[in-house]
1. Please list, ordered by chain and number, the residues whose modelled amide H lies under 5 Å from the amide H of A:ILE58; skip anything fewer than 5 residues away on the same chain.
2. Extension gain B:ILE163-B:PHE284, at 0.36 nm per residue separation less the Cα-Cα distance, in nm?
3. Given H placed 1.01 Å from N in the peptide plane, which residues other than close sequence neighbours of A:GLU63 have an amide H under 5 Å from its amide H?
4. Using a Gaussian network model of chain B with C-alpha springs under 10 Å, which one of B:SER153, B:SER225, B:SER286 is most mobile by mean-square fluctuation?
5. Evaluate the distance, in nm, between pseudo-label points positioned 7 Å from the Cα of B:HIS5 and of A:ASP82 along their respective Cα→Cβ axes.
6. Mind checking which of A:ASN160, A:ASN147, A:ASN34 has the largest fluctuation in a GNM of chain A, springs on alpha carbons under 10 Å?
7. Report, in degrees rounded to the nearest 10, the 0 to 90 angle that the Cα long axis of helix B:3-26 makes with the longest principal axis of chain B.
8. So what does log10 I(q)/I(0) come out to for chain B at q = 0.08, 0.10, 0.14 Å⁻¹, using the Debye formula with one equal point on every Cα and no solvent?
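Please treat every number below as a calculation from the coordinates, not as lab data. Because the structure is a prediction, the values reported are computed rather than measured. No Cβ is skipped: glycine too gets one built from the backbone with ideal geometry, and neighbour counts run over all protein chains shown.
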Amino acid sequence: MKKGFNAFWSTLFSKDDHRTSLKETLQQIPIFENLSSFELSFIIPILHKRRYKAGELIFKEDEAGNGMYIVHSGAVQVFGTDAQGKQVLYAELKEKQFLGELSLVDGQPRSATAITQEESELYGFFKPDLLDLIKTHPAIGSKILFNLTSVLGVRLRDTNNQLILLQNKLDNFRGVDAL
Amino acid sequence: MRSEHKIIRALYFLLFGAMLVLGVFAFKTLFIPLLLGFLLAFLAAPIVDWLERRRWPRPAAALMFFALLFVVLGVLLYVLAPRLIAQMQYIVENQNDYLALLDVRIATLKATLGQILSMDVLDGLETDIKTVVVLKVANIMQSLPALLVNIVSWGTSMIFVPIIAFFFLVQGSEMKKAVVSLLPNSYFEMTLMIIHQVNCQLGGYLRGQALDCIINGSIYAVGLSLLGVKAAPLWGIFAGLLNAVPYAGPVIGALPGMFILLLDPTASMPWWTVPVMFTVVHLFDSTYIYPMTVGKSLDLPPFAVILGIIFGGSVAGILGMFLTVPLMGMAKQAFGVFHSTLKSYRII
């Protein structure tokens, strides 16, 4: 009896459950962190829900990019091309992770290719919608831009650290070679 | 993809297309209000966005825009309608005086042209002009009731324009999202970009064009008032609206003022001052106002504009003639965006 009662209510509020689950996912994404539940309710309607089959292309390197994707379920592989023109796996992303955020700001072609590893559900957040949000709700838009800058800052620091590591390795290698 | 899936997909899109075509035919009467509603939504968007930024809910912001619009239109109608009715009554009551004045004007013209053309040719010309004018006046008087009925039926369908614009303003993003959600994964991001860029370009173009029409309409109204043309604000608005039609617009816009001065016995200025004033304003517009409001010129070839006006006139009458050139401009802008986006996605 109790089971039937729960099933009734879960059917009635299934849409809200989905929204709550999406809200939870968004709260895990650094770009939307410190946004209140009320503020997130302005973000959810502008996200584009897309379903992908396993092995389906999300975006391709060097193609025009227009926004970022949030993995809500499933898994995504991100590939790049090395100096020799070989495809290199950059990252494997699971749910509550995101990709393609650079395209929200730079207007440059995609720097990598993204393909789904399994059947996945992604949410797209695109530049035109961000620009509209900045126009109509500047406070929320500013928070997102600030978070986006923080994410890009972290990426820049990581790249710098990797560069320093590489430089040190190269210096050590040159030192060993000179000996 | 399995072949039966392909067939089902093809059938689905075929059915969707057929429903769309059927819908267009069924709502043929709503096509012009739909188009005008769409254009009005473009014009209203910045004001509604501005109000939304000030924490107005979007539907309330859209309602406020329409309330303001109706107040402005109401005031204009309140000021101009009695003047227009008085002007028409004056023309009807004094039509014999006008025809007598036409005789005087033709006699003056004959005296001037008599030095160049033979009297036989001039007499024939005089008869022709009089016949045409008398016939035209009679035609206009006879067709006035039908014209009023047309205006009323046109006005009825125009009621839908603000309603449609309201829905475009409030539900526009949901409509866009719904359309994009139907597209396959490989094309939806590109389509979003195209819609956004077309929106920006068209919005800028339409708002610029509207501002250009308002500025020019005001200048024409002031100019016509200074020249002593009766109901000058009305003819100023008329000329301002026609300013959106390149080449032919300013010429047609100048005609009413010119004829009023030509046939008004109380006019203090000669008729040719109207085309001179229009030429000066048009030059000022092309040099300073248009580049500031609309920016980049449409660059439509004159031949295409004339063909467009003829086509628009044959499809939707005077409204069609007025709307075709701005629509051609919009199509040109949209095609430009479409072409560059497809190139950036390496599709063409």
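1. Counting only residues 5 or more places away or on other chains, the set is A:ALA114, A:ILE115, A:THR116.
2. So the chain would gain 39.9 nm between B:ILE163 and B:PHE284.
3. A:ARG110
4. Of B:SER153, B:SER225, B:SER286, the most mobile in the Gaussian network model is B:SER153.
5. Distance between the two pseudo-spin positions: 3.5 nm.
6. A:ASN160
7. Value to nearest ten degrees: 30.
8. Cα-only, vacuum Debye calculation for chain B: -0.54, -0.80, -1.37.
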